[in-house]
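The values are calculated or read from the model by the stated rules, or taken from the named source; none is laboratory data. Predicted model only: the values in this text are computed from it and were never measured. With ideal geometry, Cβ positions are generated from the backbone for all residues, glycine too; neighbour counts draw on all protein chains shown.
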Amino acid sequence: MIIDHRIYTLPHGKTEEYLQRYGRDGLPVQQKYLDGWLGCYVSEIGPLNQVLHLWAYESMADREQRRNAVENDPQWIDFKRGNIGTFAAQETRILKAAPFTPATLIKGLGGE
């Protein structure tokens, strides 16, 4: 199992607007294709004005297949169009569980 950890940095004062639009227009489309939603978080300490998304996938191939399906959905294309100029920066990390990560945690996140 892998975790797709996405960090979006927004200009000061724009986080709430993005969260409302994402919750209304973006997340519902993603959830049609991406089963492993672990949540959306906002930074409180450290770099501010950041929104973090966490998604679990069985593998990189699973991630690629599911993300391709989302990218071709007309509603997602419209949502992404609305993001133009929204972010100051974006970072994507792929996290792989260490061998000693509790199996119960991995199972709870959609792993075997």
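A few notes on this one:
- Elements of type helices (runs of 4 or more DSSP H) contained in the stretch 15-112, each with 3 or more residues being within 14 Å of Asp4 (Cα to Cα) and either modelled with pLDDT under 95 or not aliphatic (A, V, I, L, M) (or both): 60-71
- Residue within the stretch 49-58 that is small (Gly, Ala, Ser) and crowded, with 16+ Cβ neighbours inside 10 Å present: yes
- Cβ-Cβ under 6 Å pairs, at least 6 apart or on other chains, the stretch 12-23 side within 16 Å of Glu44 (Cα to Cα), far side in a loop (DSSP other than H, G, I, E, B) and not β-branched (Val, Ile, Thr): His12/Asn49; Thr15/Asn49
- Exclusive hit being exposed (fewer than 12 other Cβ atoms within 10 Å of the Cβ), in contact with a strand residue (DSSP E or B) (Cβ under 9 Å, 6 or more places away or on another chain), over 30 Å from Phe100 (Cβ atoms) and of a type in the set (Gly, Ala, Ser), set Gly85, Gly23, Gly39: Gly23
- Check on Tyr8, hydroxyl-bearing (Ser, Thr, Tyr), surrounded by 15 or more Cβ atoms within 10 Å (Cβ to Cβ) and part of a helix (DSSP H, G or I): no
- Scanning the stretch 42-57 for residues that are in contact (Cβ under 8 Å) with a residue 40 or more places away in the chain and farther than 21 Å from Lys96 by Cβ turns up Asn49, Gln50, Val51.
- When residues of the stretch 59-82 are limited to those that are surrounded by 12 or more Cβ atoms within 10 Å (Cβ to Cβ) and polar (S, T, N, Q), the one farthest from Glu16 (Cα to Cα): Gln65
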